Amino acid sequence: MAAAAAAARPPPGTVVRLLRLTGFPILAQLQIEEALLRATPDNWFVINDGTPKPSVVLGVSGKPHELVHLEAAAARHVPLIKRFTGGGTVVVDGDTIFTALIMQQQSLPGVEAYPRPVMQYTEDLYRSVFGSHGAFWLRENDYCFGDRKFGGNAQAITKDRWLHHTSLLWDFKRDRMALLQQPAKQPAYRQGRHHLEFILPLHEVLPCRRTLIDELCGSLETAGFVVREAGLGDAERALAANTLCGTRLLDMQQLLDGVGGRRQGEIGQQATAAAVL
């Protein structure tokens, strides 16, 4: 284990640019993250303490009608966002803390640019933050204390770079979590549990939200990086230079029309089957 940890340390002097945000809209943050991955050569750590508008964020291949109660989301004016990475569907709001680690592959030569090695590296990276507060570990693709999830992860890997981003639940509103359907595909350790039995708000475990954010940023220096603060202007220049953006706001009315069309199709199929009988 010690040899593996040593192999995963960056070469001396490796710089990570730190972008701190507070209450930044998640749609804009995801678009910036994608731009930092695709349009800059630098290493980045982005951290955002909360997003002002409750939203549902789906992975690139997520099907809204299978994952979200669309009518309920529309009634509450909760937008749906399709991000550029894989992973599951999450409800986010002002009580969600977001992080993104964006790396040149050569900056961590001991970490293979594949999902599982990257995921395991981040587990080690954040152990200095969470390890003293309980049985912290990576279970499949989630950060957990014991068998309860507090952090969801997703990734994007390109030829020379990778991105790993996380949504951390400081707290959550039960009624907002109810916007999510029970997904057909679930991690085995979930054992069919409802969202409210499966997830853990970090405020039940950690003493201070501000301290958590500071320690997440501090984990980079502990891991051997040189940290340099960056500003939003740096990120916006990358956004202007990026020509490929997979993150987008979904059209709710179009989604609702699709649900209506599927229902009419099912009724038609049932009527046809009844006539045949």
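Worth a mention:
- Heavy-atom accessible area ranking, 1.4 Å probe, most first, across Asp95, Asp257: Asp257, Asp95
- Where segment 62-103 is the region considered: accessible area per residue in Å², 1.4 Å probe: 31
- Inter-centroid distance (Cα atoms) of segment 121-142 relative to segment 31-67, Å: 21
- In the complete set of protein chains, residue-level accessible area for Glu197 is approximately 110 Å², probe 1.4 angstrom.
- Measuring nothing but how far apart in sequence close Cα pairs (under 8 Å, 6+ apart) lie, relative to its length, segment 154-204 scores a relative contact order of 37 percent.
- Arg116/Arg174 FRET efficiency (R0 25 Å; Cβ-Cβ; nearest 0.05): 0.15
- Rounded FRET efficiency, nearest 0.05, which uses the C-beta distance separating Gln104 from Gln182 and R0 of 45 Å: 0.70
- Taking Lys and Arg as +1 and Asp and Glu as -1, the other residues whose beta-carbon sits under 15 Å from that of Met119 total -1.
- Simple spin-label estimate for Lys159 and Ser128 in nanometres, 7 Å along Cα-Cβ: 3.3
- Residue-count net charge about Thr51 - beta-carbon cut-off 11 Å; Lys, Arg +1, Asp, Glu -1: -2
- Based on Cα contacts under 8 Å between residues 6+ apart, the chain shows a relative contact order of 27 percent.
- With R₀ fixed at 25 Å, the C-beta to C-beta distance from Ala39 to Arg210 puts the FRET efficiency at about 0.20.
- With every protein chain in place, the chain: carbon and sulfur % of accessible area (1.4 Å): 54
- Annotation: extensible slack from Cys245 through Gln191 equals 15.9 nm (criterion: 0.36 nm per residue apart, minus Cα-Cα distance).
The values are calculated or read from the model by the stated rules, or taken from the named source; none is laboratory data. This is a predicted model, so every value here is computed, not measured. All Cβ positions, even for glycine, are placed from backbone atoms using ideal geometry, and neighbour counts span all protein chains on display. Heavy atoms of the whole protein, side chains included, go into the accessibility calculation; ligands, DNA and RNA do not. Shrake-Rupley method; radii C 1.70, N 1.55, O 1.52, S 1.80 Å.
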